[in-house]
Amino acid sequence: MAELKPFGNNNRGRFDRNAVKDLHKVNERIFAKEVRVIADDVEPEVYPIAKALEMARELGLDLVEISPNAVPPVCKIVDYKKFLYDQKKKQKEIKAKAQKVEVKEIRFGPNTDEHDFDFKVKHAQKFIKEGSKVKAFVFFKGRSIVFKDRGEILLLRMAQALEEIAVVESMPKLEGKKMFMFLTPKKKK
């Protein structure tokens, strides 16, 4: 992560944008004696740092260290600003493609009657069809904790009602005063 340094004598939250550390070592900041050079029109070989810097200057580009932990470090001859732009663009694409899974909760009591159960199962179906995970739980208030078996039966009935569109990710578990179970949408073939 880039580090911002305060400037001036007063430290009132203002930062010097020029003091941001670069993410990569570039040109003269590379301290290795030898580097493996990668470029579009250059054979990937190990060169002394002076020769690699000279090659980059001849092409009018920068020598950027992309793999500092390799032996010898791997450097790429590229326009550094364009390199950073391309990396940001790739990160944005990866972030956009990542699936955001929402978890919807459905709450029952141990003595939930049939109509309420059907109503909540319909809601769970809707959530699963939208692609969300469902966390179904039975909340035991006060002395109703003695009806743990009813809570488990209720959750298993729900899993059975949704077996065509959902998979049980975790079987009913009791934690404190809640017994819960996770359901995820079935993968489309």
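Observations on the model:
- Residue pairs meeting the criteria (Cβ under 9 Å; at least 6 apart or on separate chains; first free of Cβ contacts under 8 Å to residues at least 40 places away in the same chain, in segment 109-123; second of a type in the set (Ser, Thr, Tyr)): Gly109/Ser144; Asn111/Ser144; Lys120/Thr112
- Considered as a group, the residues in segment 33-43 that are modelled with pLDDT under 85 and not β-branched (Val, Ile, Thr) include one that is surrounded by the most Cβ atoms within 10 Å (Cβ to Cβ), and that residue is Asp40.
- Test for Val46: is it within 17 Å of Tyr80 (Cβ to Cβ) and either touching a Leu at 6+ places or on another chain (Cβ under 7 Å) or not in a loop (DSSP other than H, G, I, E, B) (or both): no
- Qualifying residue in segment 59-78 (condition: exposed (fewer than 15 other Cβ atoms within 10 Å of the Cβ), at pLDDT below 90 and farther than 30 Å from Leu23 by Cα): no
- Ile77 falls short on exactly one of the conditions (1) of a type in the set (A, V, I, L, M); (2) under 30 Å from His24 (Cβ atoms); (3) assigned to a helix (DSSP H, G or I), and that condition is (3).
- Test: residue in segment 125-132 that is β-branched (Val, Ile, Thr) and touching a residue at least 24 places away in the same chain (Cβ under 8 Å): yes
- Residue within segment 92-102 that is of a type in the set (A, V, I, L, M), farther than 30 Å from Asp62 by Cβ and loosely packed, with under 10 Cβ neighbours inside 10 Å present: yes
The values are calculated or read from the model by the stated rules, or taken from the named source; none is laboratory data. This one's a predicted model, so the numbers in the text were calculated from it and none came from an experiment. Cβ coordinates were reconstructed from backbone atoms using ideal geometry, including for glycine residues, and neighbour counts include every protein chain displayed.
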